[in-house]
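A.B. asks: This is the structure I want to talk about, given as structure tokens.
Only the coordinates and a few stated rules stand behind these numbers; no lab work does. This structure is a prediction, so every number in the text was calculated from the model and none was measured. We place every Cβ from the backbone using ideal geometry, glycine too, and count neighbours over all the protein chains shown.
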Amino acid sequence: MTKPQALIKVAVCNVAQLLSGKRIKTESQKYIQGQLSIPEYQRPYVWGEKQIDKLIDDLKDHQEQFADSPYYLGSVILHAQDGYLNIIDGQQRLTTLALLGYLNGQLDDVSLSYQASLSIQHIKQNLQYLEKVRAEWEDYIDFANIVVSLVVTESEDDAYKFFETQNTGGVRLTGPDIIKAHHLRAVNERYRNHYAKQWEDLGELQSIVMTLLRGRYWNSLNARTVPFYQEKQKIRDEVVDEFANRALKHQDDVAYGFMRMTYTPMTKQAKQDLQNSYQLRQPLNEGINSISYIEYFQNIYLNYYKDLKVSYLPEYSHFIKWLKELEGCRFLEELFVTGLMLYISQFGEYKLDVFAKKFFRVAYSKRVSNKKAVRADSVPEFLKGHKVLDLIAYSFTAEQVFEYLDCFELKVDPNGLNENTVKRYFVEKTNTYFGLGMQQTQYAAKFAEQLSQKIRELG
């Protein structure tokens with residue numbers, strides 16, 4: 001047996017053996033033993049009633065049809081370390097079964113502790129729910145008849161390789177789940193719990209991770225295809241590749257930015273202005289660097305778009321509130337938010353309301369230039385001919401960005417403007433918000449010219 005193979009033990013056991021900490025014989029006649037543990041940096045326990053009901057229904061169906069054969073729960077991946085068996089994959093299922101065993105008295109010696117407040121909240125809720133529906137499951141649970149395959153490694157990296165390539169739980173692992181696990185295991189153990197909590201405090205990350213993926217892939221120098229929203233598996237794979245697998249094997253927490261030098265006329269002495277931020281398209285290092293990068297952009301996304309915590313910017317806040325109410329513009333909104341992240345990470349709040357309106361005219365242009373619908377492929381196609389994200393990323397000043405955006409020629413396709421369409425609704429709302437004062441009969445001939453003039457006058 002080679003050395004890498006010797007680090008992996010495989011066994012089949014029932015849940016009663018596993019949760020009670022009993023010694024388990026492997027296929028190679030060796031033994032697995034240790035106290036089950038949930039690493040602090042694991043994702044929280046998040047199963048709800050939907051997943052619990054499915055598990056109970058599966059157990060009941062199996063018991064009614066195949067009472068003499070065991071129910072196979074899937075595989076559980078464990079990392080053996082210092083007498084503990086850290087659960088890498090299987091926490092959701094095992095925790096739920098432990099709750100069932102606690103309530104029916106079959107498992108009274110389980111020792112699992114949870115630190116994440118979200119885990120504790122779900123455990124309390126699920127105990128109440130299981131007690132309420134006790135009659136539906138109590139007669140169908142036999143932990144000696146529920147079996148799992150165990151994969152136990154002495155290498156944490158090996159454990160996560162198994163973890164990242166399979167999906168055995170009822171709540172599918174998302175891209176952010178996997179990149180969290182990837183980067184937390186690269187963090188020094190002294191700081192791991194701190195960054196695990198920091199990650200959990202960020203909340204739902206799928207939106208900002210997808211925005212960052214678009215910003216990095218919609219790049220003319222290194223163009224890549226962002227999967228369509230229906231392609232969930234492809235999206236997950238691309239997120240993992242970009243934010244985990246392609247991260248460099250370095251530990252430095254690096255934020256790349258512009259450095260502005262101002263020279264005096266006679267002495268050529270320089271004054272430096274350093275930009276303190278991460279750049280959306282910057283290379284990433286494993287561990288703290290990638291975690292901090294995602295935290296930085298999540299805070300921008302929440303503060304300047306999703307939750308709008310910038311009431312001290314009234315013009316900008318008012319415009320964004322209006323923009324988010326527009327209907328039928330989902331894909332254009334994705335482009336707008338991507339450009340917004342690029343701009344704020346480079347120029348901060350400087351003339352942010354001006355940028356938002358100028359970029360709106362460009363990013364939402366397909367809503368009026370398309371003959372009918374704006375589809376998922378409309379934005380990538382638009383960016384092939386109009387490098388607006390690149391223009392933001394490669395500009396040295398906000399004024400350069402404004403100049404580029406002002407040069408964009410807005411066009412209107414008249415189809416649908418005289419009917420009850422999303423296009424007409426969009427034009428009417430824009431006409432009112434910007435005070436263009438046009439009648440419906442003028443939309444086709446005047447909308448592009450008057451909106452462009454109004455926005456160019458912002459400076």
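A.B. asks: For the range 3-168, with the dipole built from +1 on Lys and Arg beta-carbon atoms and -1 on Asp and Glu ones, taken about the Cα centre, which of S119, L73, I38 lies farthest toward the positive end?
C.D. replies: Of the listed residues, the answer is I38.
A.B. asks: Then there's this: Among Q442, Q51, I141, pick out the residue whose Cα is farthest towards the positive end of the charge dipole of the chain, where Lys and Arg carry +1 and Asp and Glu carry -1 on C-beta, about the Cα centre.
C.D. replies: My answer, from the dipole projection, is Q442.
A.B. asks: Another question, then. Which entry in (1) 29.5; (2) 25.0; (3) 21.5 matches mean projected area of the Cα convex hull in nm² derived from the coordinates of this structure?
C.D. replies: Among (1) 29.5; (2) 25.0; (3) 21.5, the one calculated here is (1).
A.B. asks: Additional query: Along Cα→Cβ, 7 Å out, is where each label goes; now give me the distance between the ones at S113 and N193 in nm to one decimal.
C.D. replies: The modelled label-to-label distance comes out at 0.8 nm.
A.B. asks: I would also like to ask the following. Mind giving me the nanometre distance, one decimal, between the label points for Q125 and K371, set 7 Å out from Cα along Cα→Cβ?
C.D. replies: 4.8
A.B. asks: Order by neighbour count: E449, E295, fewest other Cβ atoms within 10 Å first, most last. Can you show the working numbers first?
C.D. replies: Values: E449 12, E295 19.
If I rank by nearby Cβ atoms, fewest first, I get E449, E295.
A.B. asks: Could I ask something else about it? Mind giving me the nanometre distance, one decimal, between the label points for V422 and K384, set 7 Å out from Cα along Cα→Cβ?
C.D. replies: It works out to 2.1 nm between the two label points.
A.B. asks: Distance from a point 7 Å along Cα→Cβ of K60 to each backbone N in the range 125-147: keep the residues under 13 Å and list them by number.
C.D. replies: Residues passing the 13 Å test: 133-141.
A.B. asks: Can you tell me which lysines have their Cα less than 22 Å from the Cα of K358? Leave out same-chain residues fewer than eight positions away.
C.D. replies: Hits, sequence-local ones excluded: K306, K309, K321, K324, K366, K384, K387, K411, K423, K429, K446, K454.
A.B. asks: Neighbour counts of other C-beta atoms within 10 Å: give me S117, S317 arranged from fewest to most. Spell out each step's value before the answer.
C.D. replies: Values: S117 12, S317 18.
Least to most surrounded, the residues fall as S117, S317.
A.B. asks: Please list the non-local residues whose amide H lies under 5 Å from the amide H of Y71, H modeled 1.01 Å from N, same-chain partners needing a gap of 5 or more.
C.D. replies: I146, V147
A.B. asks: Here is a follow-up. Which of the listed residues, Q233, A98, Y404, is farthest toward the dipole's positive end in the chain, when Lys, Arg count +1 and Asp, Glu count -1 at the beta-carbon?
C.D. replies: Looking along the dipole axis, the top candidate is Y404.
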